[in-house]
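Okay, structure first, notes after.
Derivation of every value follows stated rules applied to the coordinates shown; laboratory data play no part. Only a predicted model underlies this, so the values are computations on that prediction, with no experimental measurement involved. Cβ sites come from the backbone with ideal geometry, for glycine too, and all protein chains shown count toward neighbours.
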Number of protein chains: 4
Amino acid sequence: MSAPRRRGASRVIVPGSPADSRELRAQGRRTMGKLMDAGMRVFAERGYHAARVDDIVHAARASHGTFYLYFASKEDLLRALAVECAGELEALAGSVGPIGPDSNGIDELRRVLEQFTRTYRRYGPVVRAWLEGQVDDREVNRLGVRAFTEIATVLGERLRDSGAPADPATIAALMAMLERFAYFHVSRGLDAEESTTLDTLACVVHRGFFRATAAA
Amino acid sequence: MSAPRRRGASRVIVPGSPADSRELRAQGRRTMGKLMDAGMRVFAERGYHAARVDDIVHAARASHGTFYLYFASKEDLLRALAVECAGELEALAGSVGPIGPDSNGIDELRRVLEQFTRTYRRYGPVVRAWLEGQVDDREVNRLGVRAFTEIATVLGERLRDSGAPADPATIAALMAMLERFAYFHVSRGLDAEESTTLDTLACVVHRGFFRATAAA
Amino acid sequence: MSAPRRRGASRVIVPGSPADSRELRAQGRRTMGKLMDAGMRVFAERGYHAARVDDIVHAARASHGTFYLYFASKEDLLRALAVECAGELEALAGSVGPIGPDSNGIDELRRVLEQFTRTYRRYGPVVRAWLEGQVDDREVNRLGVRAFTEIATVLGERLRDSGAPADPATIAALMAMLERFAYFHVSRGLDAEESTTLDTLACVVHRGFFRATAAA
Amino acid sequence: MSAPRRRGASRVIVPGSPADSRELRAQGRRTMGKLMDAGMRVFAERGYHAARVDDIVHAARASHGTFYLYFASKEDLLRALAVECAGELEALAGSVGPIGPDSNGIDELRRVLEQFTRTYRRYGPVVRAWLEGQVDDREVNRLGVRAFTEIATVLGERLRDSGAPADPATIAALMAMLERFAYFHVSRGLDAEESTTLDTLACVVHRGFFRATAAA
DNA sequence: TATGAATGAGTGTTCATTCAT
DNA sequence: TATGAATGAACACTCATTCAT
């Protein structure tokens, strides 16, 4: 009587649904938050596939049962995190300003890089799950594709607005670099040197698009 | 994951040793090749963690027993593949020629990108296992770090030889882009457009380092 | 890694399919038989729902893993047993001869009762699962409905052939009695007195339909 | 199934004692009634074993905590229902009048069948739990055996009083038919046709015992 | 009296690995 | 050299029961 799927249809309250179906009180919301934090941490440490629910509840100082009170499965937790992450990325996409050939353009590029890295610090595993395409859940993947497409599109527009030759393939390469840069920084814990590295990188990228002369 | 490695038993033939310790006859070599090919394919489809030995032996039209005749574990198969992959990458590192500010530099960059992508097409999952750092095996990781360091070092040298400002962080970003570019191309199956994309990318990168004007 | 549903479609051999998909050798068939026997025993003792897979493999002196090599789930084992049971019942239905108002009719009724009880001794839990309608599996239920309908139909025909007033409701009552009679006998282990009880019951039923005078 | 029954603690109010040990106010009685009704419904739908406390409290629009305020366990709820059911059945046993070979005998048989079916409509799952012997609780089982024995005994007496050959085995078969008849009717929702079916059945049974000719 | 949150033992299922043939 | 069968530790998920409010 354990793992079988839910049977009849007479059930109305389905435990384990974060975004919908249940009003949570203050305590409930707090617990759910604890679990999401812990999930993020464990996914980051072990990777999504290798992470065990047991690790997560242990990190959250909660019990197995509690986990399933808020999430239907490990995948469902990933989905909840993906929703949050997509939200942040779309906010970032919406905030991208003009990227011109002058030093203001470098600054804006740097700001985007920095903000992306910040999001990555928290949601890295979600982003990687998206890019590696190794999670089954349809909705998770759809969220990722949309968020990434949005940022890529807006960056391309801003660059082309300023006359840079930003065809799709180049933009894809830019996005790739963005992600891997963030990944390395976060995973190696290079927070201290982040600032100068961001400077350099923004500069190189800017030069790649605008062939301008800039200080290294 | 459970039973202890049977090493150094009194039998003469120790099963599960890929590259070393056993002379294989023609048939044996063929079977081992089948398994490695199948492993690569399954790792690519499912990812290393999600891949089951059963999937691999099925893809290779072999049996469970046979698998363990050639590899001590799933990890051992990864190790064998990592050895091959590291070999190719080090060969690539050894072959990198001068990368100057002129169009010859672009060509050489393009050649490296192309060759890296070719290797990635076969060994992608190995490379990702390295970069994600989610495999426990020490030797596997050491191989990866060495291969990548070697390429990064040589690229840095060639660029600096030509006066480009190639500090470590920038080179890391370049490597990152290299890997993600290859990943996207291989995973999306964009082989048709690969050629022009390589042109563009080589060009942008070159410009990033040399601020030169170049044809798209 | 553990309970998740099968993912990709690249899998061909699905372990755990009794009736189809795999050729079993002698040893495999023996093991599968052991598991089905044990399943039957445990279902009988504990009831289908309360029966744990662990009980079954323990009774069969097999391991957990072995069970899932032959059956996809506990429900799948029930399905396999249901197929066997339906086969026996349909054979019984096919063998029902004329049931006339004379003592030959009593004999034939008695034979049917006896044979049904014999089948019930082995497959009781399956039959009860059918009648209680508390198993989800569609196919299991379909098999049961068909087998029961067949016997009921043929009994009704034979009785009406001899002029007995066998309307559907009465036949349903007869089937009900048949099942419960078998259930009590088997569950109470009243094998010793079975013979005389069968005599009496066949007699009473016969009289119910033919109002004939018969010895008690 | 896990935590020990908290009995005889120093508190005055011992939660989880249905029929005894606590005076309930109007509201309390109402809540307890809601839970018993809901329990009956859910047991009927899913069967005792598959029924979850969660289903019951949801059907009763109450909370988990409330349930355990009135019942010590799921089994305790079944016990409470069994007490009610046994009461009704014993009342039925007490009301059985003479069953003679004439049409009055048929009428009385019909009345018993009808009343039994009525009780079954509400308490079916309890009755089945008794007959299947798959509930551990001693008291529950004792109640069932007593109620059934009582009815069987009184029916046997009434029949023998009128000269019918009602030996124990035949009476057992009669009881079996009684139960299954009620089960089918209730579970298939055949309320509309119940009346005529009762007529027919009473008639056939009567004939089985008295070999008389009667109108259908 | 009532509630929703928390708990954790129990159970089904998977899959890397070993073994007998 | 190859195979299919067997194993069991590991893990996801459930649900009766308790607790704090």
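Can you return the lysines within cross-link range of A:K34? Criterion is Cα-Cα under 22 Å, with same-chain partners fewer than 8 residues away left out. Candidates past the 8-residue exclusion: A:K74. Counted as membrane-span-like here are DSSP H helices of chain A whose alpha-carbon atoms extend 24 Å or more along the helix's own axis and whose Kyte-Doolittle mean is 1.6 or above; there are none.
Here the gap between B:D137 and B:E45, fully extended at 0.36 nm per residue and compared with their Cα-Cα distance, gives a gain of 31.0 nm. Computed about the Cα centre, the dipole magnitude for chain D is approximately 940 debye when only Lys and Arg (+1) and Asp and Glu (-1) carry charge, each at its Cβ.
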